[in-house]
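In what follows, a structure is listed as structure tokens, so that the remarks can point back to it.
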Amino acid sequence: MFKFLKKVQQTDSKSEPEAVHTKLDKNAQHIKQLFSYGLNKDFTFRELTAKYSQEKIEIYYYSSIVDANKVYDAIVRPLLESEGKQIRDVIVAESVKEITDFEQATEHINSGKAIIFEDGNNTAYSIDVAKFEYRGIGKAENESTIRGPQEAFTESLNVNVSLIRKRMHDKQLVTEGKQVGARSKSEVNIVYVKDLVNEEILKSVRERLDNIEADNVRNLELLEQFIEERPYSLVPTVLFTERPGNATSYLEDGHIIILMNNSAGCLIVPVTFWSFFHSPEDRYLRFLFGNFSRLVRMLAFYLTTMISATYIAITNFHSAMLPPDLLLAITASRERVPFPLIFEILIMEIAFELIREAGIRIPNPLGPTIGIVGALILGQAAVQANIISPIIVIITAVSGLTSFAVTDVSINYSVRITRFIFIFSAGFLGIFSLMGAFLAWFMYVASIKSFGVPFFAPLSPSYRSPHDTLFRKAIRNEIWRPGQIKPKDIRKKANSK
Amino acid sequence: MRLKTIILIIMLIPLFLVGCYDKKELEQQAYVVAIGVDKTDEKGLYKFTFQIANPEVGSAIVGGGSQEEPKETVSIKGSDILTATNTANSFVSREITLDHTKVLIASEELARSGDFIRIMQSTARTTQIRRGVQILVSKEDASEFLQNINPKMETRPHKYYQLILDRAKETGIIPEAEIHRFFQITEGDADLFLAIYATNKKAKEKDDGYEDEYVAGQLPKEGGNNSQFMGSAVFKEGKMIGTLDGQETRLAHVFDPTLDMDDLLSTYPDPIKEEFRIGADYSQKSSPEINIEYNKNKPTKINVRVPFQIEIIAIPSLVDYSQNKDNKELLKKTIEESLEKKSRELIRKTQEEYKAEPFYWSLYIRKYFKTIEEYEEADWNKNIYPNAEININFDLERLEFGKMLNDSNLTEVRD
């Protein structure tokens, strides 16, 4: 029993970080051991004698993630050439930090800094010389718009913050840093406008970030799954966007944005159904045009979830509803089809899903094959083989085409899964069960909350807001910020009374 | 967790057991477009004829199979429509569905026998037959009528019924005869119900009639289908008592605000050159004004004012009616008088022969009675209407002459 306690104490003492020693040899030995020097090829150190103090100095860093020129210009040359009383006078780089223990040292080296140990000094210094490689700013490819800025977030945190700051010159815009992950600590930035954001929500975001228990959270896509409320729910509750312009518009309304290295995008919380339904282009287009586009999208939303199910319900259970010409045409085309109608629909819907999945995964050079194979399955060949009737091709094509109008990737999956739920329920008792399933689905979605905000707000429950739901108002008539997230300042127009 | 899964599966299994209990694939059904009913020698037993559309004919998507007939017409004896469908399944391969029925055809013999109302009961009870199905009375047996319908331009039978009935109704030569209206009028027990009258058989042609003064069978025509839809069969208390010709049916449309008529092209006598007639487009912008002055002990007065408009479309006599003011007045008066005269004839026929009216005017007398008993007591059908003084007044509000005012000047053309 005591042995056990002892062991615990031992591990405790072990976790206590070791302080930087006065003797250079000891420090060198320790840090070399920590980073497996010799085995670890890119872990490098340089030894030199400083001119100002004539003491031995050693610089440790990862050669793969630092800028060699910077190391030379900011550290090596001043040490070799400059005079001064202390190391701070010699090294005048923008970020010099004093380090007292090895845990800090490790962290700094890992994040691309160089650590300087001086003989006879029990303080080490960290200088930021990091140079992580990242992709340049590209075009937003997954959320394409015709009008509006085209640049997209890239995989670098600093660049992404700069893209936002470029759009929003506000001293209240805060980028708060946080670290997640136990083994590999990743920097997460929470961006918000300090005098707009709702403190409750901000606190909840901070808490959720603090509560993440993981060795490594590599990027935002994974982070999203760590911070969302209901991991098994059908609908997403965090919005991912790759457009800085879109992100900024949410910031202006008092939302919170989460940024991270290694993700070409940002997370926006809290969001509602409407955030997934809207496209940034709705705002970049004029009032009437933007709303027309939304109307079309809403129709697409309805068709993609309902058209196959409605077709099954009507033809199998309510054939009296069909105009006789259509009825006879469908009947005639079905005379030679061996499968029940619901099965026909399922064959085609699944074929479409296969093409879609394969289309995403297929290597680029093989891309065109998808088109050819897809046209065979979804086209005349299947009809001629008497596997499906021609009208099913149209139904599936409409259902597939409209699903592309649901732009957000996450909600797109929700909608596609929903479609299958509806198809099965329509095959069960016709319109009756379809309506039952729709009601159940609707109630379920309405019950979802994103960081405490109801999913269909501000439509239901109603809040004072710009009522930017299915349609939007003319921009000059938008007086309020969305009330459902309870921003500190709900009035949008500073000067008007 | 495992328990949860098991419970979930157990809850889902029954769905597979009960699912799809009234599901019916389209190709397993035979769609009836017309139902015919005939009398047989036995009482309570009727001959039902079902005209079934063949889906394969006329749809472009299907290759082959075009040798098949566009329709199949089968007759079977039975006591009501629905049970007859089951008996017919001994030789019709699919479930007979009545959802898409367009017309219900009764032979004149059956309609006059009074058994027709017995047949109609099942149509109200079932969900399969819509209330919008048109009731048609055929001069010959319904089965014969259906067997011989052979439209030249519409291959698919439902299209034929749909088009001919809609168009003929627009011109007013046949009435709107929905099952719903049949029950409404028959159970209201005050008015006459008009059903569509049609035949495939040519009767003796009537040569002296003008454009709409025929009943089906009398039309002096050449070519086209044999089937003629013209005029109406008059039902009193669910029993057929006579026929109205096309013109009378059109007048019934004029007097009945519940009926619609879109197109009324007809001719009127030429007041100056009497051997010619003048073609005109009759239109009505507002419903007729029907004022009933109910007198308990002396004849009720019914004043009907019909405001209407005329656009002249043909003056074969070439008389100048458009520029000459006197002629114009004369024409106006002639048209009004001609309409009033025909109306008076129709009214007299209904008052004396049928002793009831087909115009749904009972709607206008009801306001004089406080209770239904009182209304039934007064007896619109037997007492008030046959003895009423009816004053019909056609009021020509506007007379137009088309886009050309003058006709060709015959003396100049033939100099």
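Read-outs: derived from the displayed coordinates by stated rules, not from any lab. Treat the numbers as computed from the prediction; the structure is a model and nothing was measured. A quick note on method: Cβ atoms are made from the backbone with ideal geometry, for glycine too, and the neighbour counts reach across all protein chains shown.
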Q: Measure up B:Lys47/B:Lys169; B:Lys204/B:Lys332; A:Lys178/A:Lys493; B:Lys43/B:Lys139; B:Lys47/B:Lys206; B:Lys333/B:Lys403 against 30 Å on the Cα-Cα distance and list the ones that go over.
A: B:Lys204/B:Lys332; A:Lys178/A:Lys493; B:Lys47/B:Lys206
Q: May I ask for the net charge around B:Lys273, where only other residues with Cβ less than 13 Å from the Cβ of B:Lys273 are counted and Lys, Arg are +1 while Asp, Glu are -1?
A: -4
Q: Check the straight Cα-Cα distances from A:Lys492 and name the lysines below 29 Å, setting aside those fewer than 8 residues away within the same chain.
A: A:Lys166, A:Lys171, A:Lys194, A:Lys203, A:Lys449, A:Lys473
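Can you tell me the dipole magnitude for the stretch B:275-393 around its Cα centre, using point charges on the Cβ only (Lys, Arg +1; Asp, Glu -1), in Debye to the nearest 20?
Working: 20 positive and 21 negative charges, 36 e Å.
Taking the Cα centre of the stretch B:275-393 as origin, the dipole is about 180 debye.
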**Q.** Normalised per residue, the volume of the convex hull around the Cα set of chain A (Å³)
**A.** 233
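Please state the charge dipole magnitude for the stretch B:29-254, taken about the Cα centre, from unit charges on C-beta atoms (+1 on K and R, -1 on D and E), reported in debye and rounded to the nearest 20. Show your work: numbers first, answer last.
Details: 27 positive and 34 negative charges, 83 e Å.
In debye, rounded to 20, the stretch B:29-254 gives about 400.
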Q | Where GluC sites (Glu not before Pro) fall in DSSP loop in the stretch B:275-371, at most 10 other Cβ within 10 Å | A | B:Glu275
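Semi-axes of the equivalent ellipsoid for the stretch A:12-128, please: Cα gyration tensor eigenvalues, times 5, square-rooted, ordered largest first, whole Å.
Numbers: eigenvalues 93, 54, 33 Å².
Gyration-tensor ellipsoid for the stretch A:12-128: 22, 16, 13 Å.
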Q) Under the classification rounded if a/c is under 1.5, otherwise prolate if a/b is larger than b/c and oblate if not, where does the stretch B:206-337 fall, given a ≥ b ≥ c as square roots of the Cα gyration tensor eigenvalues? A) oblate
Q. Put +1 on the Cβ of every Lys and Arg and -1 on every Asp and Glu Cβ in chain B; which of B:Ile129, B:Pro307, B:Ile292 then has its Cα farthest towards the positive end of the dipole?
A. B:Ile129
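What does the structure give for A:331-342 when I average, per residue, the other chain Cβ atoms found within 10 Å of the residue Cβ?
Working: counts 13, 12, 7, 5, 7, 6, 2, 0, 1, 3, 4, 4.
What the average comes to for A:331-342 is 5.
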Q. How large is ³J(HN,Hα) for each residue in the stretch B:198-205, as worked out from phi by the Karplus curve 6.51 cos²θ - 1.76 cosθ + 1.60 (θ = phi - 60°), to whole Hz, x for Gly and Pro?
A. 8, 7, 9, 9, 7, 8, 5, 5
Q) Once label points are set 7 Å from the Cα along Cα→Cβ at both A:Ala375 and B:Glu154, what is their separation, rounded to one decimal in nm? A) 4.0
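Taking the convex hull of the Cα atoms, report for the stretch A:180-255 its projected area averaged over all directions, in nm².
With the hull built on Cα positions only, its mean projection is 5.6 nm².
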Q: Taking the Cα atoms of the stretch B:273-404, report the difference between the largest and smallest coordinate on each principal axis, in whole Å and largest first.
A: 58, 27, 21
Q | Kirkwood Rh in Å, taken over the protein assembly as shown so that all alpha-carbon pairs contribute | A | 36.5
Q | Whole-number Å³ per residue for the convex hull built on Cα positions in the stretch A:284-453 | A | 158
Q. What is the fewest-to-most order of A:Tyr62, B:Tyr360 by other Cβ atoms lying within 10 Å of their Cβ?
A. A:Tyr62, B:Tyr360
Q) Short version: ³J(HN,Hα) in whole Hz for each residue of the stretch A:418-426, in order, from phi by Karplus 6.51 cos²θ - 1.76 cosθ + 1.60 (θ = phi - 60°), x for Gly and Pro, what are they? A) 4, 4, 5, 4, 5, 4, 5, 5, 5
(Q) Sorting check: for A:340-348, B:172-180, which peptide has the highest mean count of neighbouring beta carbons within 10 Å, and how do the rest follow? (A) B:172-180, A:340-348
Q: Arrange B:Ser90, A:Ser204 by Cβ neighbour counts within 10 Å, fewest through most, would you?
A: B:Ser90, A:Ser204
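For the residues A:Phe35, A:Phe153, B:Phe91, A:Phe289, what sequence is obtained by ranking on other C-beta atoms within 10 Å, fewest first? Don't jump to the answer; show the numbers that get you there.
Numbers: A:Phe35 20, A:Phe153 25, B:Phe91 9, A:Phe289 13.
Ranked by crowding around the Cβ, least crowded first: B:Phe91, A:Phe289, A:Phe35, A:Phe153.
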Q. A:Lys85: which lysines have alpha carbons under 24 Å from its alpha carbon, excluding same-chain residues fewer than 8 sequence positions away?
A. A:Lys23, A:Lys51, A:Lys56, A:Lys70, A:Lys97, A:Lys113
Q: Largest first and to the nearest Å, give the Cα extent of the stretch A:319-369 along each principal axis.
A: 48, 19, 19
Q: Under 1.5 on a/c is rounded, so check that first for the stretch A:190-320, then, if it is not, pick prolate when a/b is larger than b/c and oblate when it is not; a ≥ b ≥ c are the square roots of the alpha carbon gyration tensor eigenvalues.
A: oblate
Q | Scattering profile of the stretch B:76-116 at q = 0.18, 0.33 Å⁻¹ [log10 I(q)/I(0), Debye over alpha-carbon scatterers] | A | -0.64, -1.12
Q | Derived scalar couplings ³J(HN,Hα) [the stretch A:22-31; Karplus, 6.51 cos²θ - 1.76 cosθ + 1.60; whole Hz; x for Gly, Pro] | A | 6, 7, 5, 4, 5, 4, 4, 4, 5, 6
Q | Relative packing of peptides B:262-269, A:112-119, B:121-128 - highest average C-beta neighbours within 10 Å first | A | A:112-119, B:262-269, B:121-128
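How do A:312-318, A:324-330 rank on mean C-beta neighbours within 10 Å, highest first?
Values: A:312-318: 22.7, A:324-330: 20.4.
Highest-to-lowest ranking by the protection proxy: A:312-318, A:324-330.
Is the shape of the stretch A:118-207 best called rounded, prolate or oblate, per the rule: a/c under 1.5 gives rounded, else a/b larger than b/c gives prolate, else oblate, with a ≥ b ≥ c the square roots of the Cα gyration tensor eigenvalues?
Numbers: a/c = 2.17, a/b = 1.41, b/c = 1.53.
Because a/c hits 1.5 or more and a/b fails to exceed b/c, the stretch A:118-207 counts as oblate.
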Q: Tell me which residues come under 5 Å, amide H to amide H, from B:Asn295 once H is placed; ignore anything under 5 positions away on its chain.
A: B:Thr300, B:Lys301
Q. How long, wide and thick is chain B, going by the Cα atoms along their three principal axes, in whole angstroms, largest first?
A. 99, 64, 59
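How long are the three semi-axes of the equivalent ellipsoid of the stretch B:29-254, in whole Å, if each is the root of 5 times an eigenvalue of the C-alpha gyration tensor, listed from largest down?
Equivalent ellipsoid of the stretch B:29-254: 27, 23, 15 Å, largest first.
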Q. Which value, in debye to the nearest 20, gives the size of the charge dipole of the stretch A:332-475 about its Cα centre, when Lys and Arg are +1 and Asp and Glu are -1 at the Cβ?
A. 360
Q | Shielding by partners - mean other protein chain Cβ count within 10 Å, residues of B:26-38 | A | 3
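Helix-only estimate, please: 222 nm mean residue ellipticity of chain A, summing -39500 (n - 2.57) across DSSP H runs of length 4 or more and dividing by its residues, to the nearest 500.
That calculation yields -14000 deg cm²/dmol at 222 nm.
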Q | Angle in degrees between helix A:157-167 and the longest Cα principal axis of chain A, rounded to the nearest 10 | A | 70
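The stretch B:336-415: percent of C-alpha pairs farther apart than 19 Å? Let's see the in-between values first.
On the way: 1845 of 3160 pairs.
Value for the stretch B:336-415: 58 percent of Cα pairs lie more than 19 Å apart.
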Q: Over the whole of A:311-322, what's the average partner chain Cβ count within 10 Å per residue? Rounded to a whole number, please.
A: 3
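Considering only DSSP beta bridges where both residues belong to the protein assembly as shown, give the percentage that are antiparallel (nearest 5). Present the calculation step by step, with values, prior to reporting the outcome.
Details: 87 of 115 bridges.
Approximately 75 percent, going by the DSSP bridge assignments.
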